Amino acid sequence: MKKRRTYALLVGAAGLSYVAWRAWQSCMECSEPSPQGERDVLRYAQERRRLAVLGTVRSLAQAWALPESPVAEVLDALAARAPAWLAPAAFAAPITAVSALLELPVDFIEGYVTERRYGLTEQRPQAWLGDQLKGVALATALSAILATIGGAVIRRVPRAWPLVGAAISLPLLALGNIVVPLYVMPLFNRFEPIEGEIERRLRALAERYGCGNAEILKMNMSAQTTKANAFVIGIGSTHRIVIGDTLLDNFTPEEIEFVVAHELGHYVAHDTYRLMAAAEALVTASLLFAATLPENRDTAMRERPRFLAQISARVALASTLLRPLVLKLTRDRERAADRFAVAATGAPTWGVAAFERLAEQNLAEAESPRWYEILFASHPSLRERIAALRDAADAAEERARS
């Protein structure tokens, strides 16, 4: 216990020092913004990799330190005075809110300022801060809800809570896929139907695969970034294809059609449901790992609000260790969607042009180090994807000649 307490104090001191350093940098940036540098793909990629690794290490260290920290002890004592059903939320919500607010200077420098320095955002700092505060409010509310549910499960089924929690997580994941597109994302961006010739072109493409009624929406991504992107989100009636204005305004109609054909591949294959299944497996494994806590065998400790922080630390570690498996699934599904787009358009050269434009606009390196792709990348490298498309184009030419 003493070693844990010492570890918590050391991590807390290091974390606060890091936040203070980033806060000082933020003040300097606000008084004298750093100039936009060159659009250097290699430097940008190296910086993003370094920050991704650092962020993972920091979040894990803090998650493991939190349960033994003085802050957790104080909040645990205060929350224990509340009614049993409210105590978990009374513990989790303040920790989430304070942690997120303390991270704002870090996010400002490592996120906003980095993107602005490489010319990848035109968002004003005030708008960025507004988005972040909305995110803090949503995260705090979500943590309170999940803590309340988790606390109730632990109280009612103290021996089987990991399995019951895993069973409950599936409908929660489904609910999230309904609520997020309808109510959360519109808090940050505008969504409107695509109109005109491009809409007719994309609708005809969707109709060929029995998806003529699929929602194809335009999102004002330019409010936050200059990067081009498109994605599929939602389930059931909220299942839709979303295309950023940053893509629609800069890509040719042929390139847009290939990108949408790729997203249609996700849509037709129900990849959202595949990812939900993967997330459910991840949650189940993480909760079973969390159940190995020594404190789980102590009824008095299990009923303390702080027990949720100990569970969260174990879940964070398990999720990080298992994340490469989920990322491999997403990379495989991206490859499958590329193949679908080739079959749907019959024009792999459109995909080559789209990916080359994407690389230039998003300042994306052609190929990340292998270790980074395994641990962090949700998509295959652009070099691999472009090579596959060129092979498909060569094969099509060969068939045409024969």
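Read-outs: derived from the displayed coordinates by stated rules, not from any lab. Note that the structure is predicted; figures quoted are calculated from it, not measured. Here the Cβ is made from the backbone with ideal geometry for all residues, glycine too, and neighbour counts use every protein chain on show.
What to note about this one:
- Label-point separation in nm, R39 to V326, each point 7 Å along Cα→Cβ: 3.2
- For the chain: relative contact order, % (alpha-carbon pairs under 8 angstrom, 6 or more apart): 17
- nm² value of the averaged projected area, convex hull over the Cα atoms of segment 164-203: 4.2
- Electrostatic tally near R331: other residues with Cβ closer than 14 Å to its Cβ, Lys and Arg +1, Asp and Glu -1, net +2.
- Positive contributions from Lys and Arg (+1) and negative ones from Asp and Glu (-1), summed over other residues with Cβ under 15 Å from the Cβ of V53, come out at +3.
- Average Cα contact separation per residue, segment 256-402, under 8 Å, 6 or more apart, as relative contact order %: 30
- Over segment 1-135, the Kirkwood radius and the radius of gyration, each from Cα atoms, give a ratio Rg/Rh of 1.05.
- Here the label points at A77 and L102, each 7 Å from Cα along the C-beta direction, are separated by 1.8 nm in the simple model.
- Set against the 2.2 N^0.38 Å expectation for a compact globular protein, segment 109-214 has a Cα radius of gyration ratio of 1.59.
- Think of each Lys and Arg Cβ as +1 and each Asp and Glu Cβ as -1; about the Cα centre, that makes the dipole of segment 358-402 roughly 100 debye.
- With 30 Å as the limit, the listed pairs K134/K218; K134/K227; K3/K134 have K3/K134 beyond it between alpha carbons.
- Pairwise label distance in nanometres, L187 with A279, each label 7 Å out on the Cα-Cβ vector: 1.6
- Projecting the Cα atoms of V352, V184, A387 onto the charge dipole of segment 159-402 (Cβ charges, centred on the Cα centre) puts V184 farthest toward the positive pole.
- Rounded to whole Å, sorted largest first: equivalent-ellipsoid semi-axes of the chain, Cα gyration tensor: 41, 26, 20
- Counted by Cβ distance under 12 Å from I311, the other residues give a net charge of +3, where Lys and Arg count +1 and Asp and Glu count -1.
- Dipole of the chain, positive end: most advanced residue of L217, I233, G119 [Cβ charges, Cα centre]: I233
- Note on the chain: with charges restricted to the Cβ of Lys and Arg (+1) and Asp and Glu (-1), its dipole about the Cα centre is near 1760 debye.
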